[in-house]
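What follows is a single structure, written as structure tokens, with notes after it.
The values are calculated or read from the model by the stated rules, or taken from the named source; none is laboratory data. It should be emphasised that the depicted structure is a prediction, and the values quoted were computed from it without experimental measurement. Note that we place each Cβ from the backbone using ideal geometry, even for glycine, and neighbour counts take in every protein chain shown. All accessible areas refer to the heavy atoms of the entire protein, side chains included, with ligands and DNA or RNA removed. Shrake-Rupley method; radii C 1.70, N 1.55, O 1.52, S 1.80 Å.
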Amino acid sequence: MESPFEGKLIRLRAREPEDEPLLYQWFNDPEVTENLTMRYPLSHRDEREFIERVSHISYEHPSFAVETLADRRLIGGCGLERVSPENRSAVLGIALGDKAYWNGGYGTDTMRTLCRFGFAMMNLHRIELDVYAGNERARHVYEKIGFTEEGRRREAVYKYGRYQDVVVMGLLEGELRPEG
Ligand SMILES: CC(C)(COP(=O)(O)OP(=O)(O)OC[C@H]1O[C@@H](n2cnc3c(N)ncnc32)[C@H](O)[C@@H]1OP(=O)(O)O)[C@@H](O)C(=O)NCCC(=O)NCCS
């Protein structure tokens with residue numbers, strides 16, 4: 001039986017207090033947060049409180065640390081939020097904070113693993129996400145694994161002195177594309 005937490009390259013695990021220094025480093029790095037909602041500096045206390053809040057994983061709060069399968073190195077985080085039992089839907093978020101692992105297939109594998117978890121373990125019907133229109137890499141990954149662009153919120157985000165559209169994407173049960 002395949003592990004519901006493991007992909008080909010990564011494993012999802014609960015967050016731990018020891019993760020704090022890396023989270024502090026990543027989420028104060030403008031290159032990492034460029035396409036995320038964060039825009040203000042974060043304190044160690046913010047990160048500790050975040051970990052405290054999300055480290056107990058439940059149906060309402062499935063939030064994970066992402067580590068490499070090969071050497072158990074923490075490289076990022078992902079999760080589902082706004083889980084609705086009535087609609088069987090949730091909103092997905094992902095950020096690989098370790099830039100050395102960008103473009104190495106880890107994000108694609110994390111997305112597949114998290115979506116598989118949502119469908120197979122939480123009985124979700126729909127997973128949706130927001131992505132900034134300029135985040136070409138992320139949009140490519142989402143489309144590759146089966147997400148469909150469903151609409152745009154025009155000029156919904158203002159960062160770095162300009163507005164950009166936010167693209168809404170969705171993936172229904174049965175639409176997750178396997179590797180290959
Ligand atoms: C977005 C993110 C999750 C992608 O993960 P990743 O491990 O870097 O991506 P992968 O290596 O799995 O895949 C990257 C794909 O995008 C392609 N790509 C890279 N740059 C691209 C660009 N500028 N335009 C289009 N495609 C691009 C790669 O060629 C690759 O496609 P392929 O597998 O078909 O060859 C990760 O880079 C990340 O967390 N970035 C910072 C935070 C962020 O943007 N989060 C998403 C917010 S919605």
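Can you work out the FRET efficiency for the pair Glu52 and Arg73, with r the C-beta to C-beta distance and R0 = 30 Å, to the nearest 0.05? After rounding, the FRET efficiency stands at 0.85. Each residue, Ser3 and Glu34, gets one label point 7 Å from its Cα in the Cβ direction; the gap between the two is 3.3 nm. Among the protein heavy atoms, those of Phe119 account for about 40 Å² of accessible surface (1.4 Å probe, every chain in place). What net charge do the residues around Arg152 carry, taking every other residue with its C-beta under 12 Å from that of Arg152, with Lys and Arg at +1 and Asp and Glu at -1? Charge balance near Arg152 sits at -2. Straight-line reach from Lys144: taking Cα to Cα under 17 Å and skipping same-chain neighbours fewer than 8 places apart, the lysines in range are Lys8. By a 1.4 Å probe calculation restricted to protein chains, Asp71 has an accessible surface near 90 Å², given to the nearest 10.
The local environment of Ser43, defined by Cβ-Cβ distances under 14 Å, has a net charge of -3 under the rule Lys, Arg +1 and Asp, Glu -1.
Summing charges over neighbours of Leu69, with a neighbour being any other residue whose Cβ is under 12 Å away from its Cβ, gives +1 when K and R count +1 and D and E count -1.
Comparing Val167, Val157, Val141 in a Gaussian network model of the chain where C-alpha atoms under 10 Å apart are linked, the largest mean-square fluctuation is found at Val157. What does a probe at Arg152 reach in segment 110-134, counting residues whose amide N is under 15 Å from the point 7 Å along Cα→Cβ? Those under the cut-off are 131-134.
A simple rule links phi to the HN-Hα coupling: the Karplus curve 6.51 cos²θ - 1.76 cosθ + 1.60 with θ = phi - 60°, which for segment 133-150 gives 4, x, 8, 4, 4, 4, 4, 4, 4, 5, 5, 4, 8, x, 5, 10, 6, 10 Hz, with x for Gly and Pro. The listed residues Ile57, Ile75 rank as Ile57, Ile75 when sorted by accessible area, largest first, using a 1.4 Å probe. Surface composition of segment 10-172: carbon plus sulfur atoms hold 48% of the accessible area, using a 1.4 angstrom probe and ignoring ligands, DNA and RNA. Checking every one of the GluC sites (Glu not before Pro) in segment 27-135 against DSSP loop status and a limit of 12 other Cβ atoms within 10 Å picks out Glu60, Glu86. Computed from phi, the 3J(HN,Hα) profile of segment 101-114 under the Karplus parametrisation 6.51, -1.76, 1.60 (θ = phi - 60°) reads 9, 5, 6, x, x, 6, x, 4, 5, 5, 4, 4, 5, 5 Hz, with x in place of Gly and Pro. Of Lys8, Lys159, Lys99, the order by accessible heavy-atom surface (1.4 Å probe, DNA, RNA and ligands excluded), from most exposed downward, is Lys8, Lys99, Lys159.
The rule of thumb for compact globular proteins, 2.2 N^0.38 Å, goes into the C-alpha radius of gyration of segment 58-180 1.06 times.
Out of all DSSP beta bridges with both ends in the chain, state the antiparallel percent to the nearest 5. In the chain, approximately 90 percent of DSSP beta bridges are antiparallel ones.
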